[in-house]
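Engineer: Here's a structure for you.
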Amino acid sequence: MSTELTFATVQDPDGATVLSAAGEIDMSNAAEFSAALDGALAEAGDAPVVVDLTKVDYIDSAGLAVVFPHIDRVRLVASEVLAPVLTVVGLDDVMTVRA
Amino acid sequence: MSNASAAEVFAGGGEVGHDLAAVEWESTPLGAPGQWPQSLRTAVSILLSSRFPMWMAWGPELTFFCNAAYRRDTLGRKYPWALGRPASEVWAEIWDDIGPRIETVLSTGQATWDEALLLFVERSGYPEESYHTFSYSPLRDDDGDLVGMLCVVSEVTERVIGERRMATLRDLGSDPSAIRTEQQMLTFAAAQLDRNRQDLPFTLIYLFTEGGVELAAATGAEQEEREWPTAAVTRGETQQIGQALLVPLLQQGGSPYGFMVAGLNEFRALDDGYRGFIELAAGHVAAGIASARSYEAQQRRAEELAELDRAKTAFFSNISHEFRTPLTLIMGPVEDLLDRGPDGQTRAELDVIQRNALRLGKLVNTLLDFSRIEAGRMQARYEPADLATATAELASVFQSAVERAGLTYKVDCPPLAQPVFLDRGMWEKIVLNLLSNALKFTFTGGISVTVRAEGDAAVVTVADTGAGVPEAEIPRLFERFHRIDNTQSRSNEGSGIGLALVKELVELHGGTITADSTLGEGTTFTIRLRFGAEHLPPDAIVPVGKAADWKAGAGPYVQEALRWLPGDENGDENGGENAVRTAPTKARLLVADDNADMRDYLTRLLRSAGHAVEAVGDGQAALEAARVHNPDLIVSDVMMPRLDGLQLVAALRADPRTAGTPVLLLSARAGQEASIEGLEAGADDYLVKPFSSAELLARVRANVELARLRNHHARWRTALIDSLQEAFFVCDEDGAVIEINSTFTDILGYGPEGLPYPPVHPWWPDQESDPDGYQQVAAAFALLVDKTHGSYTIPVSHRDGHVLWVAASFNQVRDPDSGRRVIVGTFRDVTAEHYAVQRESALAALSVRLTEADSLPGALSSVLRDLRDLWQATQVYAAVFTGDSTPAVTTTDGGPRWDELPGHQRQILASVRDEALLTPVAERTGGAGISLEHPNGTMALWVQLAENRPFTEQDQTLLALLAGRLGQGLHRIHQIDQQRETALALQRAILGPAQLPAGFAVRYSPATRPLKVGGDWYDTVALPDERIGIVVGDCVGHGLQAATVMGQLRSACRALLLQNTDPAQTLTALDRFAVQLPGAMCATVFCGVLDPVTGDLAYASAGHPPAVVTHPDGTLDLLDQGRSRPLGVHNPSGRPEAHYTVPSRATLLLYTDGLVERRRLPLTDGIGRVAVTVQQGRGASIEDLATEVMESMTPDGGYDDDVALLLYRQPGPLELDFPAESTRLAPVRSALRGWLARAGIDPTTAQNVLVAAGEACANAIEHGHRHGPAGRIRLIATATADYLRLTVTDSGRWKTPRPAENPHRGRGLTLMRALMTEVTVTTGAAGTVVGLQARIPQ
């Protein structure tokens, strides 16, 4: 049984594709995250995808490794809890912190 | 609700629940479980869920229930039969004991309490002795009626039996110093064994004797006599025979001493513990036998040494002091008399005197020979000699004596081909003694002497046909002072020393002497001496002497022998010159004249008148002679060289000893003036030459008689003083000795001729070689000159150099004639007493050392220091030769190891080891050694003395005695060491919880060594709901008695806490217990119940010092609420309880007053100091902190009271162990998140820790997977005040991160490093450990 994690892909009012994740991301479910991100990227065509991690309480290096190959097309939104980790791995330039 | 099924009622009861459900409840008075009242169901549920042993009874028949713990600990084979049965049936065999108690509970509603109650339960197929501490509490049904009871029980069988056995072993091992003999020891051991009849219903101790076995001791129930099989125990094996165990009494390095038959307790199984106990008890008995036998053997040896020493000392001191001086005084005058040619009768009498004096002299000389041999001072000079001729010449001396005795005499000494190396004087003594001996005991037949060569040796035999010696006496023939009684001999005189001397002298030649004898037929002595000189010390070999006269010392032997023979009229050997017959001696005169003719004339003239005359050539010689033997009259010329007559008179008058001696001056100078001058100078009379012989004789007679009248008093005084047994002396004001008596000369060797002896007196010890002795004498001398009277004991040096001790006392008196102050003193020789006292006090000091010491090395080094002080040694070495490794060296100053010792020192020690045990070896190089038995092997002891310091015979005796005692003492300490180890192992088993809950650290330090337990204790108890009971207590007193009380209080408190889980109630219940337990009154106890999740602590204190809490920021809280009086003391308002919440990362400290209490300081002072220590150490780990607290609080000289210490930090560490699978990451995070919250960590730090720990775990999972599915990961998290520390341990090896190859891998480590204060990765053969450390922001 992998760690609990759910996804939802929606269009925000600006028309951007938003992948919202809720739960915790670690090596046991990084593959699910990867599949969800691939789906969202395909759906968005060439447009950037916003990955909303505000409801994610925990992400480790396996989860972050999913994001790196798509760094040019991904914008991250994260809570204050996750911000220090994302900053440490150098994702602060594609990240917005939301309380 | 009321229709629950049986399965539901017993749910959660595990196997017991399942079996309870299977009971046919419908056939019991309780009916179907579904119908049971709620109260019963609740009771059953509590029962089943408890992990503490419990059983309960409910309903009219007291139907029996129990839980799994009770089943395991107590019920045994009665399970599951007992379930649902009436309790009276289940426990039929002990119902007499427990029935009334249950009755009391049900009738009064009051709980009962029993401590360690003995119950014989049948759970293992036999009635088993068991002990239970239990409480019966009432159970009520839904209506509140008493319908049953719950029993919480703790089985304490192991503890009770363990303590009992320990007590027996302790008593056996106690060391009653009065025990000396084997029988005393066995009686003592039997008394101890008999006190434990439970474990040893009877014991029989058998010892192996030459013929079989012998019952040496028996205890307990009478046993019929029977033969026990001994094959197994003889081999050293234990054997069980029926209800008895046969245990060998093992002897170290030998076959068993015997065996012990131990009756077995029929109510206990013979398990390892029981068997071990019996074997240990037998071991104690065996050790006791070993000790007693060794003690007896060594005691005998020491007594023999002391006895020999006493005999010798007594004999030699008698001989030297009582015989030698008078002997000389007999011999001299007798020779003078014989010289004067007395007539027949007088001459015959003088001969008798002379022969006896010679005989005495010979005996004294023989004894002195012995003392020389013993002291190694016999200076042998071996020269190549013709043994046959030498022996024949010596034998010829006895020719006439043998013939006169009517015996045949055969001397058969053909020449030998080779010379034999002989010491002339010694050989003479050997042959003459043997011949003298033969003649003494032979009445018919004859004596023969032969010399032959046999192989590489010359054989000399002296055979007689005399009385012979009984066979039994032959072995003692050469023993010193041994005389064979009831043997016909020519004389009863004899010291029994001649043959012993012969043997010593033959052995000095490297030869042997044997005796063959048949009673009534005769005796043959056979001496074998090897040819050549190889067997003799090279430095004692001298070239052949000049014209050998082999009969130089034969005179006394032959004269003595002749006197044994009848018709003795032989006396012409000393053939006196023809002497003029003279009148009886009237006076002793001293003649001084420088003219030899005049001197001879005066001498002849005065002798003819019957006077004894001594003649000297000048005044000085006269003065010296007068001082030695004060004459009756001095006849002196006036004109003489060196000292003339007038000066002589003046000198005589100036000396108190000679002031009264009359002087008759002779002078060629006539006239009044000369005469007056002489008389004024103090002369008594004056005669002018030439004078007629008649005038001279008349003047002499007149002066002698006048002087006798005048000096009667003075002569009486002199005679009196000379007859004193004590030495007598007179000193002038300056301390110069001016008068002495003859005993003074006997003791010190300094005679009157040397008077006066000005200070420093010649008998003072040498300042260089004996500074201590010199100081003592100087101090005594100061006393003598300053005080009016006094006494002192000092070492002095005899004229011949040997040191002796004298006890002196003195008085100041005023000389009535001169009015001057003089000092009169006496002293006696106390050398023997002095050494006896020194010996006794050294032995006593040694015994004290051995008693005080608690380890072998400790005993040895303190004894070595004593030996050093005793002999003012520069160093004392002890080397124990264990046989298989390098000897263990101990010295007085810590000292070097064996391989660091100088080579010669190693050699000395090795040679000492090779000597016979307890035989001192002294060397001229300034040291002495001895070997003795150390428990680990032979020990060589070496006392290195300062240069010049002699090691006397007394010193050697003392060393032998001390070494003997030391050997015994070391063996005893060795045994006590072993016994203590055994006792400690047992003691440790009754102290402290086996396993502490996480987050706790404890320390314990008992005041009384060597015990490891005292009156203080700490305890932790796992309670339901994960709560933890914490107890720290302190019984009054310390030592074993307090420890016993402590053990019971601790057990009781533990059981009560399990029952109540409420500190105040627990203490209240403990009060009742304490009242009944002697020694438990006034014990103080802190009792708390901690919820480690929340940090909530409920606590109550019975007079115990307050607990201390240190917050992470250093704030201190004292838990001083919930206070009441110590245990057993009336508390009118009951015992209050207080609540406290231990903050996150705070440290809780509990302790007993021994930690903080100091004399003359308030308790609060100590509490303040320990609080500061904990405050400063709040960042350290809990274990390090515990060590730091114990060390920093240690008073100078160590703790003098028991100390118990318990530390807890909230929260306890988190310890997780999980399989290396990624699905476990989420639950691990959840657990860690919860723990971080309990530790009060802020969200950001917590998230950082979660990610870093997650990365470490993820890495570990990758490695864990690579090594198969069995890999496991262990995560441990601990908190201090300002740091978090985590370790993640796996069994794999980490990949080296290579970010360039795959930029997205290996990011985990980067993350950890970025988020944590410190990261360490340690990869070893067993796996990888990641250490994470994060500072907690304040």
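The values are calculated or read from the model by the stated rules, or taken from the named source; none is laboratory data. Because the structure is a prediction, the values reported are computed rather than measured. Glycine gets a Cβ as well: all are built from the backbone with ideal geometry, and neighbour counts include every protein chain shown.
Engineer: Taking residue B:773, is it in contact with a helix residue (DSSP H, G or I) (Cβ under 6 Å, 6 or more places away or on another chain) and more than 16 Å from residue B:828 (Cβ to Cβ)?
Structural biologist: no
Engineer: Considering the stretch B:1066-1082 alone, what residues qualify as being over 46 Å from the mean Cα position of the chain (by Cα) and crowded, with 18+ Cβ neighbours inside 10 Å?
Structural biologist: The answer is B:1066, B:1067, B:1068, B:1069, B:1070, B:1071.
Engineer: For the stretch B:1331-1338, check the following and say yes or no: at least one residue is closer than 29 Å to residue B:1281 by Cβ, at pLDDT below 90, surrounded by 13 or more Cβ atoms within 10 Å (Cβ to Cβ) and among the β-branched types (Val, Ile, Thr).
Structural biologist: No, the stretch B:1331-1338 contains no residue that is closer than 29 Å to residue B:1281 by Cβ, at pLDDT below 90, surrounded by 13 or more Cβ atoms within 10 Å (Cβ to Cβ) and among the β-branched types (Val, Ile, Thr).
Engineer: Mind checking which residues of the stretch B:1233-1252 are over 59 Å from the mean Cα position of the chain (by Cα) and away from chain A (no Cβ under 11 Å)?
Structural biologist: B:1234, B:1235, B:1236, B:1237, B:1238, B:1240, B:1241, B:1242, B:1249
Engineer: Counting only residues that are in a helix (DSSP H, G or I), touching a residue at least 24 places away in the same chain (Cβ under 8 Å) and among the hydroxyl-bearing types (Ser, Thr, Tyr), which one in the stretch B:816-850 is farthest from residue B:964 (Cα to Cα)?
Structural biologist: Across the stretch B:816-850, the extreme among qualifying residues is B:831.
One line per residue, one yes/no per condition, for (1) closer than 25 Å to residue B:769 by Cβ; (2) within 39 Å of the chain's Cα centre (by Cα):
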site	(1), (2)
B:814	no, no
B:822	no, no
B:838	yes, yes
B:858	no, yes
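Engineer: Next question, about the same structure. Going by the conditions given, is residue B:156 within 30 Å of residue B:282 (Cβ to Cβ), in contact with a helix residue (DSSP H, G or I) (Cβ under 8 Å, 6 or more places away or on another chain) and in contact (Cβ under 8 Å) with a residue 60 or more places away in the chain?
Structural biologist: yes
Engineer: Oh, and also: Checking the structure you have, find out if any residue of the stretch B:1216-1224 is among the aliphatic types (A, V, I, L, M), within 18 Å of residue B:1287 (Cα to Cα) and within 14 Å of chain A (Cβ to nearest Cβ).
Structural biologist: Yes, the stretch B:1216-1224 has at least one match.
Engineer: Kindly indicate whether any position in the stretch A:26-37 is assigned to a loop (DSSP other than H, G, I, E, B), within 14 Å of another protein chain (Cβ to nearest Cβ) and more than 16 Å from residue A:66 (Cα to Cα).
Structural biologist: no
Engineer: Which residue out of B:863, B:889 is on the phi < 0 side of the Ramachandran plot, in contact (Cβ under 8 Å) with a residue 40 or more places away in the chain and either touching an Asp or Glu at 6+ places or on another chain (Cβ under 8 Å) or not in a loop (DSSP other than H, G, I, E, B) (or both)?
Structural biologist: Result: B:863 is the single residue among B:863, B:889 that is on the phi < 0 side of the Ramachandran plot, in contact (Cβ under 8 Å) with a residue 40 or more places away in the chain and either touching an Asp or Glu at 6+ places or on another chain (Cβ under 8 Å) or not in a loop (DSSP other than H, G, I, E, B) (or both).
This table checks each residue for (1) in a loop (DSSP other than H, G, I, E, B); (2) modelled with pLDDT under 90; (3) out of contact with any Leu (no Cβ under 8 Å at 6 or more places or on another chain).
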| residue | (1), (2), (3) |
| --- | --- |
| B:416 | yes, yes, no |
| B:460 | no, no, no |
| B:466 | yes, yes, yes |
| B:469 | yes, yes, no |
| B:473 | no, yes, yes |
| B:480 | yes, yes, yes |
| B:487 | yes, yes, yes |
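Engineer: Sticking with this structure for a sec: Give the residues of the stretch B:645-664 that are touching a residue at least 40 places away in the same chain (Cβ under 8 Å) and among the small types (Gly, Ala, Ser), sorted by residue number.
Structural biologist: B:645, B:660
Engineer: Could I ask something else about it? Which ones in the stretch B:1122-1143 are of a type outside the set (Lys, Arg) and surrounded by fewer than 19 Cβ atoms within 10 Å (Cβ to Cβ)?
Structural biologist: Correct list: B:1129, B:1130, B:1131, B:1132, B:1133, B:1134, B:1136, B:1138, B:1139, B:1141, B:1143.
Engineer: From the list B:1118, B:1150, which residue is within 43 Å of the chain's Cα centre (by Cα), at pLDDT 90 or above and not in a loop (DSSP other than H, G, I, E, B)?
Structural biologist: Step by step, each of B:1118, B:1150 is checked, and only B:1150 is within 43 Å of the chain's Cα centre (by Cα), at pLDDT 90 or above and not in a loop (DSSP other than H, G, I, E, B).
Engineer: Write out, first by first residue and then by second, each pair whose Cβ atoms fall under 8 Å of each other, whose residues are 6+ apart or on separate chains, and whose first residue, in the stretch B:18-37, is within 16 Å of residue B:141 (Cβ to Cβ) while the second is hydroxyl-bearing (Ser, Thr, Tyr) and surrounded by fewer than 20 Cβ atoms within 10 Å (Cβ to Cβ).
Structural biologist: B:33/B:5; B:35/B:2
Engineer: Something else about it: Which number in (1) in contact (Cβ under 8 Å) with a residue 24 or more places away in the chain; (2) within 27 Å of residue B:290 (Cβ to Cβ); (3) among the charged types (D, E, K, R) marks the one condition that residue B:915 misses?
Structural biologist: With (1) in contact (Cβ under 8 Å) with a residue 24 or more places away in the chain; (2) within 27 Å of residue B:290 (Cβ to Cβ); (3) among the charged types (D, E, K, R) applied to residue B:915, the lone miss is (1).
Engineer: Still on this model: Considering each residue of the stretch B:1022-1065, count those that are in a helix (DSSP H, G or I) and either within 45 Å of the chain's Cα centre (by Cα) or closer than 15 Å to residue B:1100 by Cβ (or both), and give that number.
Structural biologist: Residues that pass the stated criteria total 21.
Engineer: I would also like to ask the following. Identify, from the list B:1192, B:1230, the residue that is assigned to a helix (DSSP H, G or I) and within 14 Å of chain A (Cβ to nearest Cβ).
Structural biologist: Criteria check complete, one pass: B:1230.
Engineer: Within the stretch B:157-240, which helices (runs of 4 or more DSSP H) (wholly inside it) include 2 or more residues that are under 32 Å from the mean Cα position of the chain (by Cα) and more than 30 Å from residue B:132 (Cα to Cα)?
Structural biologist: Passing ranges, in order: B:182-194.
Engineer: With respect to residue B:1271, determine if the residue is touching a helix residue (DSSP H, G or I) at 6+ places or on another chain (Cβ under 6 Å), in contact (Cβ under 8 Å) with a residue 40 or more places away in the chain and away from chain A (no Cβ under 14 Å).
Structural biologist: yes
Engineer: Identify, please: which residue in the stretch A:69-86 is within 9 Å of another protein chain (Cβ to nearest Cβ) and free of Cβ contacts under 8 Å to residues at least 12 places away in the same chain and is, among those, nearest to the chain's Cα centre (by Cα)?
Structural biologist: So, considering only residues that are within 9 Å of another protein chain (Cβ to nearest Cβ) and free of Cβ contacts under 8 Å to residues at least 12 places away in the same chain, the one nearest to the chain's Cα centre (by Cα) is A:69.
Engineer: Only one of B:352, B:364, B:449 is at pLDDT 85 or above and hydrophobic (A, V, I, L, M, F, W, C); which?
Structural biologist: It is B:449.
Engineer: Sticking with this one: Going by the structure shown, is residue A:56 under 10 Å from the mean Cα position of the chain (by Cα), surrounded by 20 or more Cβ atoms within 10 Å (Cβ to Cβ) and away from chain B (no Cβ under 12 Å)?
Structural biologist: Judged against the criteria, residue A:56 is not a match.
Engineer: Follow-up. Report, by residue number, each residue of the stretch B:1144-1171 that is aliphatic (A, V, I, L, M) and exposed (fewer than 15 other Cβ atoms within 10 Å of the Cβ).
Structural biologist: Scanning the stretch B:1144-1171 gives B:1161, B:1163.
Engineer: Okay, next question. Please return the ranges of helices (runs of 4 or more DSSP H) entirely within the stretch B:34-138 where 1 or more residues are acidic (Asp, Glu).
Structural biologist: Answer list for the stretch B:34-138: B:87-90, B:95-108.
Engineer: Would the stretch B:986-996 turn up any residue that is modelled with pLDDT of 70 or more and in a helix (DSSP H, G or I)?
Structural biologist: No, because not a single residue in the stretch B:986-996 is modelled with pLDDT of 70 or more and in a helix (DSSP H, G or I).
Engineer: If I filter the stretch B:288-332 down to residues being at pLDDT 65 or above and of a type in the set (Ser, Thr, Tyr), which single residue comes out as surrounded by the fewest Cβ atoms within 10 Å (Cβ to Cβ)?
Structural biologist: B:328
Engineer: Picking from B:181, B:203, B:209, B:187, which residue would you name as being crowded, with 20+ Cβ neighbours inside 10 Å and either on the phi < 0 side of the Ramachandran plot or modelled with pLDDT of 85 or more (or both)?
Structural biologist: Criteria check complete, one pass: B:203.
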